[in-house]
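Asker: For reference, the structure I am asking about is given below.
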Amino acid sequence: MFPNGMRFFLITAGCAFMAAAQDQPQAYVVDTCVKAAPGKGAETSAYIREVLVKTAQVRVDEGTAAWYLALSAVVPAGSEARCDYHLVTGYKGFPPEASAERSAADRKKAGITMTPAEIAARAGAVGHAVSTDYWRALADVGPNVEKGQYVRLNYEKLKPGQAAAYVKLETTGWKPFVESLKGSGLGWHLNVLSMPGGTSQRYSAMTVDTYPTWEALGKGWPFSEWSNVHPDLKFADYQKQVAETTERVSVEVYRILESVHPK
């Protein structure tokens, strides 16, 4: 396969490994976990801003992608953290097939004059891609997230045969609760893992909680409002039902380093 530096460049510059046509496009999210080289956090952030974000803005403005986020780790962080950054691109359908030629054209439109070899060398010097996940986006509630805000990634391992029950509980229980919190600035998203697959995966679904400020993250969700939306379902009973369908394997917090939306 590719050396780490080239692999980091190819993935984070937007080269998808597959493409497919669907009669009814389903929104997708492609998430690349990146580990910075020791002592290279500042250089990695600079590379993301100066190369990846500028290229992503071209793709979002042209409609190739719907949005792009660069996330920087808050908790966990340091040498034991699996990901120092998440580079996340949203698509209205299955991600289009990409190529080195298309990436070069997008960088040219973005005003980036470095050659592919120079970009590969710079990428390899600052970090490497750990993994790339393809998610199907099933629900989105709340405003667009912006630079400086916070996200909490809740990774779930669905229990055998419980995928449909889990999705139903999230979309009929939690989703209307979040929708009722208009004006709070809070948001919520539900994704299920599309690729890679198989029973060996350590997670198979993820919810994403978004918070406008660090203080809002600390306060968490206003559970006192639950009964206004679900008067016949106690929150503790709802939690018990969800626990029967899934196991939460990890919770991680990130700060939004950069946010790209259509101009």
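The values are calculated or read from the model by the stated rules, or taken from the named source; none is laboratory data. Owing to the predicted nature of the structure, the values given are computational and were not obtained by experimental measurement. For neighbour counting, all protein chains shown are included, and Cβ atoms are generated from backbone atoms with ideal geometry for every residue, glycine included. For the accessible areas, the whole protein counts, side chains as well, though only heavy atoms, and no ligand, DNA or RNA atoms are used. Shrake-Rupley method; radii C 1.70, N 1.55, O 1.52, S 1.80 Å.
Asker: For a test of the definition: using alpha carbon positions, the gyration tensor, and the 1.5 limit on a/c, classify the range 70-144 as rounded, prolate or oblate.
Answerer: oblate
Asker: Tell me which of Ser180, Leu169, Gly127 sits at the most positive position along the dipole axis of the chain, charges placed on C-beta atoms (Lys, Arg +1; Asp, Glu -1).
Answerer: Going by the charge dipole, the pick is Gly127.
Asker: Placing unit charges on C-beta atoms (Lys and Arg positive, Asp and Glu negative, everything else neutral), compute the dipole magnitude of the chain about its Cα centre in debye, rounded to 20.
Answerer: Charge dipole, the chain, about its Cα centre: 340 debye, nearest 20.
Asker: Further question: If you build a Gaussian network model of the chain, linking Cα atoms that sit under 10 Å apart, which residue out of Thr44, Thr113, Thr246 swings the most?
Answerer: Answer for the Gaussian network model of the chain: Thr113.
Asker: Checking the table Lys147/Lys219; Lys168/Lys240; Lys92/Lys147; Lys147/Lys240; Lys54/Lys147; Lys159/Lys234 against a 25 Å threshold on Cα-Cα, which pairs fail?
Answerer: Exceeds cut-off: Lys147/Lys240.
Asker: Using a ≥ b ≥ c from the Cα gyration tensor of the range 166-248 (square roots of the eigenvalues), is it rounded, prolate or oblate, where a/c under 1.5 gives rounded and otherwise the larger of a/b and b/c decides, a/b for prolate?
Answerer: oblate
Asker: Under the rule a/c < 1.5 gives rounded, and otherwise a/b versus b/c splits prolate from oblate, where does the range 99-194 land using the Cα gyration tensor?
Answerer: prolate
Asker: Amide H of Ala205: which non-local residues (sequence gap of 5 or more, or other chain) have their own amide H closer than 5 Å, using H built in the peptide plane?
Answerer: Those qualifying (amide H under 5 Å, at least 5 residues apart or on another chain) are Glu156, Leu158, Leu193.
Asker: Would you compute, from DSSP H runs of 4+ residues alone, the mean residue ellipticity of the chain at 222 nm, taking -39500 (n - 2.57) per run and dividing by the full residue count, rounded to the nearest 500?
Answerer: Details: 10 runs with 77 residues, N = 263.
The helix contribution divided over the chain gives -7500 deg cm²/dmol.
Asker: Accessible area of Val151, 1.4 Å probe, to the nearest 10 Å²?
Answerer: Around 10 Å² of this residue is reachable by solvent.
Asker: On the protein heavy atoms, probe 1.4 angstrom, tell me the percent of accessible surface of the range 110-213 carried by carbon and sulfur.
Answerer: Carbon and sulfur atoms account for 55 percent of the accessible area of the range 110-213.
Asker: In a shell of Cβ-Cβ distance under 9 Å around Leu257, excluding Leu257 itself, what net charge do Lys and Arg (+1) and Asp and Glu (-1) give?
Answerer: Local net charge: +2.
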